[in-house]
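Heads up, the thing below is written out as structure tokens.
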């Protein structure tokens, strides 16, 4: 008992507030039981398989195709989200117009709408006989049940991330910078593209990374519209589900490990890019 | 155009084009999917709509979804309060690690969130044989659904409360304690009133995700009709059976939940924005 007290006292700074041991103990126990132990089991299972077996499963044609579909389309969707999200955030922060608050509230819809509902709604819209699908069919574009459908679903679910990370940063921009640029003779577009946008670039990257990470793992909104044709429009999360349904736990574990690993490397690269741009721009 | 054009604003024409473009984009990408849920739900008339909702399997799905949220949300609420109390009111080693670990479930695919519980509790899982010997079923049963839901909604309340309580500091609590209030009384009468709107905000988002979660729950549920089918899973089953009107009818309930969540969230932000975490903005 006294040993535990000493350990606790050494762990934290003096404080008059009670409940540290209870609050931290409860948090750590719950975190361990719900999050850390189950995730550790995944890692252990992957280690049990060993590198050669892991590689054999991951380098299988169907797995590679699924990873390519997932990461490739997620990247494209995040790029589109980056451009559209920047425009949406800019308009919501900078302009005053009727209905602005409604649009602002609407941006969170993809967070609030359950993914399965989004999935069947998008499928109904973009199916060949749907409202948008029939229009697009006339110009020869097929969306539902093709990789393009996956892309549309990923744009839908990723949209709020870029908007919501950019909004506070755009609000914080000091108007004096723009005035200075204008006084120095910059045209408006020069101020926007050479002064304002570079300062929000690190935040934009954060939003991009969040949208990308979400898209890579997305399942519910994609599987209805994807058509799920192996090698063509089958995403990696779906392949995990298929392997589990075959009771092929090793296969599921290997694909999951590959997904987590690639996502981790991507986020690391984005993080480094962010540190680099921050330093170049002279931010903290 | 006036001679004294604001140099920190774009031309009026550019502004109008941008606003129109953004409004059109959001209308096509966000509003249309929402509208079509209700249009498809009522396609075969109001009677079929209500028949679909009062079908025993739909009712069982609604009951299960409510039950799961009723367990997962309070569980994460309790965790959120404990974690934010420890992180915001005290300085200790490893605080930033703990902060990062709390966010971990946000960066894991829903399917992988389900998979880890199958690997732990499934028939071929680590604890599978032991559980089977003792007649306990977690995977393909309600406990698995509850666990997977707690996992995916794990960070919501803590994410909202930690920055809020950090911003408020510990001064008011220290004052109450120095005036002789007990720790529990201090929490109840000093801390809780300060964080109540942030708490509600976190619970709102947590609940929306708990009721709507699909991927993680789908992996652990086994899709047993009337037993382990939550509302989103029931939508999938109906849809795959080509009962489109019924699928969209159940989906319309979830869409209404999303709309109510958005309205309440916006109300909280407009009315009590100052009493929510300053720079939160997290999914």
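Observations
- Residues being at the interface with chain B (Cβ under 10 Å from one of its Cβ atoms) and surrounded by fewer than 24 Cβ atoms within 10 Å (Cβ to Cβ) - total across segment A:126-151: 3
- Condition met for residue A:56 (more than 16 Å from residue A:262 (Cβ to Cβ), at pLDDT 90 or above and more than 9 Å from chain B (Cβ to nearest Cβ)): yes
- Residue B:199 meets all of the listed conditions (1) at the interface with chain A (Cβ under 9 Å from one of its Cβ atoms); (2) closer than 26 Å to residue B:152 by Cβ; (3) under 21 Å from the mean Cα position of the chain (by Cα) but one, namely (1).
- Test result for residue A:267, modelled with pLDDT under 95, within 11 Å of chain B (Cβ to nearest Cβ), within 15 Å of residue A:42 (Cβ to Cβ) and assigned to a helix (DSSP H, G or I): no
- Boolean, residue B:61 is under 18 Å from residue B:236 (Cβ atoms), touching a residue at least 24 places away in the same chain (Cβ under 8 Å) and either exposed (fewer than 15 other Cβ atoms within 10 Å of the Cβ) or more than 22 Å from the chain's Cα centre (by Cα) (or both): no
- Segments classed as helices (runs of 4 or more DSSP H), wholly inside segment A:104-207, with at least 3 members that are closer than 20 Å to residue A:74 by Cα: A:109-112, A:115-126, A:147-172
- Residues of segment B:134-154 satisfying the condition of being in a loop (DSSP other than H, G, I, E, B) and under 18 Å from the mean Cα position of the chain (by Cα): B:153, B:154
- Residues of segment B:170-202 that turn out to be more than 24 Å from residue B:74 (Cβ to Cβ) and touching a residue at least 60 places away in the same chain (Cβ under 8 Å), as a count: 1
- Among the candidates A:91, A:79, residue that is modelled with pLDDT of 95 or more, over 30 Å from residue B:183 (Cα atoms) and facing chain B (nearest Cβ under 10 Å): A:91
- Scanning segment A:190-208 for residues being surrounded by fewer than 24 Cβ atoms within 10 Å (Cβ to Cβ), touching a residue at least 40 places away in the same chain (Cβ under 8 Å) and either within 11 Å of chain B (Cβ to nearest Cβ) or out of contact with any helix residue (DSSP H, G or I) (no Cβ under 9 Å at 6 or more places or on another chain) (or both) gives a total of 1.
- Selection status of residue B:68, more than 30 Å from residue A:16 (Cβ to Cβ) and surrounded by 16 or more Cβ atoms within 10 Å (Cβ to Cβ): yes
- Flag for residue A:262 being within 13 Å of chain B (Cβ to nearest Cβ), surrounded by fewer than 17 Cβ atoms within 10 Å (Cβ to Cβ) and more than 18 Å from residue A:116 (Cβ to Cβ): yes
- Within segment A:209-233, the set of residues being on the phi < 0 side of the Ramachandran plot and surrounded by fewer than 18 Cβ atoms within 10 Å (Cβ to Cβ) comprises A:229, A:230, A:232.
The values are calculated or read from the model by the stated rules, or taken from the named source; none is laboratory data. Here the structure is a predicted model, which is why all the values come from computation and not from measurement. Here the Cβ is made from the backbone with ideal geometry for all residues, glycine too, and neighbour counts use every protein chain on show.
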